[in-house]
Amino acid sequence: MKYSFKGINAEELSFRHNRVRLEPNTKLDIKPQFSRQVRKVNGNDKIVFIALSLKVESTEDQPKPFDVNVTLVGTFEVEDIVAGSDEERNFIVEGTKLLFPYLRAAVTNLTASAYVAPLNLPVINGPIFPEDRDVYAFTVGGEGELN
């Protein structure tokens, strides 16, 4: 398996301030939602796009001071990867891990630019998505404990 990272661009960067009235010393549970989409160019299986998205939305049940939507798309050139193979799955996990620090920076910069307390996502040392956990076995402490 061989791949190279060709670049990244922002497909969506949006911020909306919500007029949420919170009691003093209220702890907010932001709970960002992550998603990923993998696309290929028609007629050229060597070019692969991985879109990594984060969404924070306020609801009546869980009000949040802002809504944020960020989607970054990484462009990769791949060689010797068979569609549907374990190698392709490993590439998708690796590509996601490569894009995540850019997503973290975009979210922090977007919220800071809106003059609110910046949303700083944690550093993630393992897979972001549950379906990727069997690709890498990240253990902390005992056996089977995911990081």
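The values are calculated or read from the model by the stated rules, or taken from the named source; none is laboratory data. Computed from a predicted model, the values in this text were never measured in an experiment. Here the Cβ is made from the backbone with ideal geometry for all residues, glycine too, and neighbour counts use every protein chain on show. SASA here: full protein model, heavy atoms, side chains in, ligands and nucleic acids out. Shrake-Rupley method; radii C 1.70, N 1.55, O 1.52, S 1.80 Å.
Overview of values
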item	result
Net length gained if the chain between Asn18 and Ala114 were fully extended (0.36 nm per residue, minus Cα distance)	33.4 nm
Sequence of Glu87, Glu60, Glu94, Glu23 when ordered by accessible area, the most exposed leading, probe 1.4 angstrom	Glu60, Glu23, Glu87, Glu94
Between helix 86-113 and the chain: long-axis angle, C-alpha atoms, 0 to 90°, nearest 10	30 degrees
Area of Ser14 that stays accessible when all protein chains are in place (1.4 Å probe, Å², to 10)	40 Å²
Estimated FRET transfer efficiency (Val82, Ala105; beta-carbon r; R0 41 Å; 0.05)	0.80
The chain, helix-only ellipticity at 222 nm - DSSP H runs n ≥ 4, -39,500 (n - 2.57), divided by all residues, nearest 500	-7000 deg cm²/dmol
Length released on extending from Phe129 to Ser35, taking residue separation times 0.36 nm less the Cα-Cα span	33.0 nm
Label-point gap, in nm, between Asp61 and Lys46 - each point 7 angstrom along Cα→Cβ	4.9 nm
Two-decimal Rg/Rh across the chain, once Rg and the Kirkwood Rh are taken from alpha-carbon atoms	1.03
